[in-house]
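No lab work stands behind these numbers, since they all come straight from the coordinates. On a predicted model such as this, the values are computed, not experimentally measured, just so you know. We place every Cβ from the backbone using ideal geometry, glycine too, and count neighbours over all the protein chains shown.
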Amino acid sequence: MISLIRIRKRYMDLKISSKIVFIYLILMIFSVTVSSLIYEKIYDDITSKKVSELSVQTLYTIKSNINSMIQNINNNSRIIISNKDIQAILKNSNNRNGIDVQIDMYGYLSSMIDSMNNVSSIYIYDNFGNKYYIDKQSRKSFKLNKVESANWYKAAINEKGYYILRLNAGEKADLNPNENYVSFIRVINDMESQKPIGTLIININESNFVNCYKDIISKNGTNILLMDENNDFIVNPKDVSDFNQINELIRKELIKSDVEEEKNSIIEKIKGEEYIFSSLKIEEYNWIIVSKIPFKELSKESSTVYLMAFVFTIINGILLFIGAISISRLITKPIKKLLKSMKGIENGEFKKVNIEVGNDEIGKLRDGYNIMVYEIEKLINRIIEEQKVKRKAELSVLQAQVKPHFLYNTLDAMGYLALSGKCDEVYDALEALGEYYRTSLSKGREVITVGEEIEIVKNYFLLQKLRYGDIFTDTYEIDERVLNFKILKLVLQPIAENALYHGIKPKGEHGIIKLTVELIENLINISIEDDGVGMTEEELDKVVSDKIDNNNLSFGLRGTIERLRIFYGTSDVYEIKSRKRYGTKVNITIPIEEGWENE
């Protein structure tokens, strides 16, 4: 145990450069060992996936080429069947000289076949048993007495002018004949009556299908099989032996899955060598494309890439190890520990860092940081105290400004009464004013009870009624549970004054000012509402956004809002609602804090 403590102590006292070399060496050995163990598995998985994707991508390319070729033939066939001269011949060939008809039709077909590079021959049958054709190679010997007797004729009729594809015009061919061809078949309808007047057969030699993928199969040793809906070869394969060696069940499963899932891939061994067999369905014709790709050919390039990547990883590791030695004074792990300990300062927690390090550079950095935290905390505390003093001074100034303002208005009202010779009312006013100041001064207290604040408002309204008479009526709805709770002094009187001077008085007729005080959970909700002139949305926005103009609202209201903000430390302690010609309502929400209720 003592020896472990000594070793640990010696390690902690090492220079950071030595610590970096030691830790990096351990990590390097561990990383290379683990990488070597899992590399082969990862490599095999990635290679298999890549080979499958490449194989299917190849089939999609072939499918696109075949579709493009057949679509081109389809477009040309539309030109043929809509040709007015051909339509006329098919409808009236029985009434014309046979040789003349053959010559005319041959001329039309010759001009068409010259522009169709993928077509080996074109045949047209009319409804009178006549046949017209042109062939680039040799005449096709169809075993048909009448075109209506062909096994595909009913299917062509059902397509209502759309085409069908049949291998060798639907006739059975040997497994390895001289050539295969795909017959593009469609019924020719009268352009006017839309009734069948003939049949068009365009033959496509198998070599044209080979051209769709010959550039592809020249790479990676790929073999392609193209089969029709009956699983007959459209293109005679050069070498069928490898495919025949596959288990018949697997081959059927490949084709079955292809029908259900559109595409499929399997890996199978033939003569000890792995091949990937992929199939893709051409939905338009119910054909199937099957590819056979040697696994080693496709994986050869990937193998080289991954091998080079592995070699580069080792080389980079060695270079990084050498770099770690050359920059031995670079600080890594100890700095992370220090940063982790310092995270608390982001949340305002000024705690000293206590990480276990030796008497190295990190230890000195820790000590310097702790001194810095102490000085910052002391500075922040000093700033907070200064801000408190400043806020109290601002509050005192605002209160000093509000008191003379109200006194001025009250004396103005009393002067009006004295000039009117109403001595008794002057006496009542002086008595109310004395009661007002006795309550508002409250021996210098900053906060008074809600009940005392309400009495201030009542005395204020009494003084104003002596001056303005019955211009307004004041009503009260008071929850007696809140009377003994404390509130910031002189916050309701300025709001009541504003309701009178800027709500009721401009109205020019009798109005009502209502004071409501209620207890809602842990909040005291106070509202002063008048039915005076109210404010427009623009005027209300100025009040809410603290852009109050002296000409629009009394100084008392502005001062009260600012006092509430400063004292309660929030801007949402009040809310003002108003509608033009309907009046204004000011809500004040005050939190009940512990110790804020009189005994």
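Listing for the model above:
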read-out: Gained length - Arg382 relative to Glu192, 0.36 nm times residue gap less alpha-carbon distance; value: 58.3 nm
read-out: Sites Val544 and Leu407 - FRET efficiency at Förster radius 22 Å, r taken between beta-carbons, to 0.05; value: 0.15
read-out: Nonlocal amide H pairs with Ile512, under 5 Å, H built at 1.01 Å; value: Thr473, Asp531
read-out: Potential extension, Leu523-Ile38 segment - 0.36 nm per residue separation minus Cα distance; value: 168.1 nm
read-out: Förster radius 45 Å - calculated FRET efficiency between Leu307 and Tyr106 (Cβ-Cβ, nearest 0.05); value: 0.10
read-out: Debye intensity ratio in log₁₀ form over the Cα atoms of segment 41-88, taken at each q of 0.23 Å⁻¹; value: -0.80
read-out: Distribution of pairwise C-alpha distances over segment 405-547, 5 Å bins, in %; value: 2, 9, 17, 19, 19, 17, 11, 4, 1, 0, 0
read-out: Where labels lie 7 Å past Cα in the beta-carbon direction, separation of Lys505 and Phe128 in nm; value: 11.5 nm
read-out: Simple spin-label estimate for Asn286 and Ser207 in nanometres, 7 Å along Cα-Cβ; value: 3.1 nm
read-out: Listed pairs Lys422/Lys486; Lys41/Lys263; Lys63/Lys84; Lys486/Lys580; Lys214/Lys269; Lys458/Lys585 exceeding 29 Å between Cα atoms; value: Lys422/Lys486; Lys63/Lys84; Lys486/Lys580
read-out: Estimated inter-spin distance, Arg6 and Met28, nm [label 7 Å along Cα→Cβ]; value: 3.0 nm
read-out: Full-extension gain in nm, Leu430 to Ile318, via 0.36 nm per residue minus C-alpha separation; value: 30.6 nm
read-out: Built amide H within the under 5 Å cut-off of Tyr476, gap 5+; value: Leu515
